[in-house]
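Report on the following structure.
The values are calculated or read from the model by the stated rules, or taken from the named source; none is laboratory data. Small disclaimer: the values here were computed from a predicted structure and weren't measured. All Cβ positions, glycine included, derive from the backbone under ideal geometry; neighbour counts span all protein chains shown. Please note that ligands, DNA and RNA were not included when accessible areas were found on the heavy atoms of the full protein model with its side chains. Shrake-Rupley method; radii C 1.70, N 1.55, O 1.52, S 1.80 Å.
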Amino acid sequence: MGKIRLLNDSMIGKIAAGEVVERPVSAVKELVENSLDADASAVTVEIREGGLSYLRVTDNGCGIDESDIRLAFERHATSKITKEQDLFSIQTLGFRGEALASISAVSHVVMTTRTALRDTGVKVVNEGGRILKIEEAACTVGTTILVTDLFFNTPVRKGFLKKDSTEASAVHEIMSQFVLSRPDVSFRLISNGKTMLHSPGDGQLASAALTIFGAKAMKSMRFVEGHSSGIMLKGYIGTGENARGNRGQEYFFINGRMMHSQLLSSAVENACRERVMIGKFPVCALHIQIAFEAVDVNVHPNKLEVRFRDESAVSEAVQSLVLEALKDTDALSKPVEMQLTPDTVNNYIQPVPSSADLRDALKHTTAHAFVTTDVSAVPPIQADRNRSESAAFREASEMKPFIRPVTDFDLGKAQPADDGLSVKKDCEKAEQMDTILRDLPKQIRIFGALFNTYILAEYDNQLIMIDQHAVHERLLFDRLMEEHSSQHNGQELLIPIIISVSSKEQQLIEENRGVFESIGLVMERFGEHDIAVRTIPVVLGETQTADFVREAIDEIEKHRTVTFESKRDAILQTACKHAVKGGEALTEDQLRSLLNDMIEKHVTPTCPHGRPLVVSVSKREIEKKFKRIQD
Ligand code: ADP
Ligand code: MG
């Protein structure tokens with residue numbers, strides 16, 4: 001007796017459904033994609049208990065004609081492709097004709113739908129893949145699909161699902177991707193009766209990004225726009241305080257489709273390296289337009305991987321465009337905002353933004369994206385941001401060296417060993433502070449240094465705190481980079497410094513000679529176990545040399561496989577750290593020039609390791625705390 005038997009339709013249906021509908025979120029994804037393919041401009045998703053007991057998708061798309069109803073629920077029935085050729089130029093999100101069949105095979109479905117050509121709509125009831133009823137129904141143009149009791153007939157699948165809240169966050173996540181991918185569509189997500197997301201659908205990427213990242217983050221996010229090497233890039237990027245502990249909020253859309261790409265992640269992370277603390281990741285929503293033939297997109301619904309024909313060109317283009325966008329970030333115009341009142345907003349689920357939020361966030365983000373337009377609206381110290389690059393470079397190169405002899409006036413004596421944690425008792429200082437103030441731009445009023453570390457000032461209706469060590473480090477780093485790019489050869493030591501190293505370290509130095517020399521560090525083999533350091537980076541004090549060289553070798557060891565640039569940057573950061581240590585306390589003059597430089601050079605608002613330079617508390621926050629105004 002033979003053992004092989006044909007499967008019946010119900011079993012075929014369940015097996016196929018398992019591939020398409022793994023979890024509630026897969027059903028949401030399929031149904032929303034159908035709505036988008038139907039040209040909807042508004043899509044509402046409502047879920048209860050993570051979508052398992054109740055999941056409804058409503059759209060105002062083209063609807064399904066009565067005559068197509070039965071076919072729509074058939075497997076491999078689609079209106080989206082007609083000939084084989086179409087497979088190679090797919091413009092729609094779906095085309096396999098499996099979603100409705102698969103979802104209905106494992107749930108109860110009620111669909112109401114109407115096209116613009118008909119006066120009335122149709123209501124269809126489908127249970128476990130069988131159409132039970134089709135009747136006339138009064139409804140507006142568009143489609144509503146209600147899915148209840150998902151996996152009622154596949155209990156094993158149901159058993160594998162995670163907690164309701166996990167399923168709900170997965171739905172939230174996919175809806176966030178839809179919002180960012182289609183700013184022209186208004187999406188709404190309601191979970192257990194609560195509106196979790198609502199995007200305006202006004203076609204502005206800024207509004208979509210605001211919906212996902214929230215008003216607070218948007219104020220400090222940067223707008224990226226430009227083209228290079230055949231790609232067009234547009235979007236928002238957040239670093240510093242906005243950075244996250246994982247890559248979950250790095251969103252890439254290639255020709256409108258959400259995609260994951262290690263290559264793009266690395267390009268963006270490289271560009272943000274100095275602005276994001278180690279172990280953190282930037283947040284971004286970046287749209288990339290690229291010729292279809294330049295990408296290989298695996299359009300399997302669950303595999304959103306993309307491959308590029310010319311990987312290095314794409315990587316370099318993205319990196320340089322993001323860098324460019326981050327370049328003129330200004331520490332004073334975008335300080336990290338500190339809230340004195342508790343933050344009641346859950347980080348993951350953003351509140352629905354009000355139109356006031358929207359206006360406010362857009363005002364901030366666009367003002368910095370298009371700095372050249374309205375100079376009158378920008379405070380005077382920023383007004384000269386339009387001066388030419390060469391003028392800025394000239395000024396920079398004329399600047400006095402940073403480290404000078406220590407004087408009696410010694411605001412920063414406590415640094416850096418205890419990094420300002422010990423409070424200096426004698427206050428001679430308010431008066432002398434006044435002298436510092438004289439030369440600073442009028443808009444900034446300085447009160448003193450808190451814990452000998454944070455300069456306190458009033459600026460633009462905010463109390464600002466400036467981390468003097470971090471600013472110092474940033475300025476040194478920028479100087480090192482400048483010296484590096486102008487082929488500065490470092491300072492030659494009168495007497496070489498001899499450092500003993502292992503043979504493995506000797507070899508590492510040998511292999512990376514180019515990297516070391518590029519920053520002005522020249523070393524030679526000196527006997528079997530020693531090296532002689534002949535030239536060191538200009539900013540580095542001699543006393544710090546041995547420690548610096550050791551750490552630089554460690555860095556190289558850690559970054560063995562990375563590019564020349566990454567190795568170089570790692571060493572530059574190390575040099576900075578040691579230069580700050582070696583620089584001892586800041587004098588009055590130094591403090592003054594520190595702030596002046598920070599303002600005039602529009603330095604990057606983080607130290608080279610990603611710590612913020614300036615933290616602000618708004619006047620409003622303070623007034624709230626003193627109960628002068630209500631929340
Ligand atoms: P596919 O999307 O791959 O074509 P589906 O099973 O998802 O397959 O849908 C089958 C067909 O039903 C679609 O081709 C489309 O014609 C129609 N359809 C499904 N959902 C909608 C909707 N929300 N609005 C209009 N038509 C829809
Ligand atoms: Mg579909």
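Observations on the model:
- Among the residues of segment 120-136, those identified as under 15 Å from residue 66 (Cα atoms) and open to solvent by 20 Å² or more (accessible area, probe 1.4 Å) are 120, 123, 125, 131, 133, 134, 135, 136.
- Qualifying positions in segment 149-167 - open to solvent by 20 Å² or more (accessible area, probe 1.4 Å) and of a type in the set (A, V, I, L, M, F, W, C): 152, 156, 160, 161
- Enumeration of residues in segment 232-248 that are modelled with pLDDT under 90 and in a strand (DSSP E or B): 244
- Test: residue in segment 526-538 that is open to solvent by 30 Å² or more (accessible area, probe 1.4 Å), touching a strand residue (DSSP E or B) at 6+ places or on another chain (Cβ under 7 Å) and at pLDDT below 80: yes
- Flag for residue 94 being within 15 Å of ligand 2 (Cβ to nearest atom) and touching a residue at least 60 places away in the same chain (Cβ under 8 Å): yes
- Residue match in segment 138-147 (condition: within 16 Å of ligand 2 (Cβ to nearest atom), part of a strand (DSSP E or B), closer than 21 Å to residue 8 by Cβ and among the hydrophobic types (A, V, I, L, M, F, W, C)): no
- Exclusive hit being out of contact with any strand residue (DSSP E or B) (no Cβ under 7 Å at 6 or more places or on another chain), within 12 Å of ligand 1 (Cβ to nearest atom) and not in a loop (DSSP other than H, G, I, E, B), set 101, 77, 27: 101
- Residues that are within 17 Å of residue 105 (Cα to Cα) and open to solvent by 20 Å² or more (accessible area, probe 1.4 Å), drawn from segment 32-72: 52, 53, 54, 56, 70, 71, 72
- For segment 468-503, a tally of residues being charged (D, E, K, R) and modelled with pLDDT of 85 or more returns 1.
- For segment 104-119, filtered to residues that are open to solvent by less than 60 Å² (accessible area, probe 1.4 Å) and part of a loop (DSSP other than H, G, I, E, B), the residue that is nearest to residue 22 (Cα to Cα) is 106.
- Within segment 249-262, being assigned to a helix (DSSP H, G or I) and open to solvent by less than 40 Å² (accessible area, probe 1.4 Å) holds for one residue alone: 249.
- In segment 197-214, the residues that are within 14 Å of residue 177 (Cβ to Cβ) reach residues that are among the β-branched types (Val, Ile, Thr) and open to solvent by less than 10 Å² (accessible area, probe 1.4 Å) with C-beta atoms within less than 6 angstrom, at least six apart or across chains, in these pairs: 199/179; 199/211; 208/179; 211/179; 212/179.
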